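The values are calculated or read from the model by the stated rules, or taken from the named source; none is laboratory data. These figures come from a predicted structure and were not determined experimentally. Positions of Cβ are generated from backbone atoms using ideal geometry, with glycine treated the same way; all protein chains shown enter the neighbour counts. To get the accessible areas, we keep the full protein, side chains included, count just its heavy atoms, and leave off ligands, DNA and RNA. Shrake-Rupley method; radii C 1.70, N 1.55, O 1.52, S 1.80 Å.
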Amino acid sequence: RDMQFAKTFGLPIKTVIEAKEDSRERKEDLEEDEAYTGQGILVNSGEFTGLDSISARGKIVESLSSKAKGRAKVQYKLRDWVFSRQRYWGEPIPIYFP
């Protein structure tokens, strides 16, 4: 979505994660309008350039916490049971067609 938005409004697109050398997904394999979404190595990321994307997350949170600009937080998405039931079994309200 972000890439489509940037292309629509002519915004510059900067690569921030590149595939690892031994990864099956490489930049050459991606389509021109497709972003790399897997795990990889950070690039163009200031002090975090060169770090593995998984370990970089923790370091970025530590950096933001030390500057009092952010903190780690787990957010759960709770769904109402009625909507979950509808998805699994279908609409719970019978529809009558005379």
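Just a few scattered comments:
- Checking each residue in segment 46-78 for being aliphatic (A, V, I, L, M), part of a loop (DSSP other than H, G, I, E, B) and within 28 Å of Ala19 (Cα to Cα) picks out Leu51, Ala72, Val74.
- Selection within segment 20-58: residues that are at pLDDT 85 or above and either of a type in the set (A, V, I, L, M, F, W, C) or touching a His at 6+ places or on another chain (Cβ under 8 Å) (or both). The member of this set that is farthest from Val74 (Cα to Cα) is Val43.
- In segment 65-82, the condition of being of a type outside the set (Ser, Thr, Tyr), at pLDDT below 90 and open to solvent by less than 90 Å² (accessible area, probe 1.4 Å) is met by at least one residue.
- Close contacts from segment 5-17, counting a first residue that is within 12 Å of Ala35 (Cα to Cα) and part of a loop (DSSP other than H, G, I, E, B) and a second that is among the aromatic types (Phe, Trp, Tyr) and open to solvent by less than 100 Å² (accessible area, probe 1.4 Å), with Cβ to Cβ under 8 Å and a gap of 6+ residues or different chains, come to Thr15/Tyr36.
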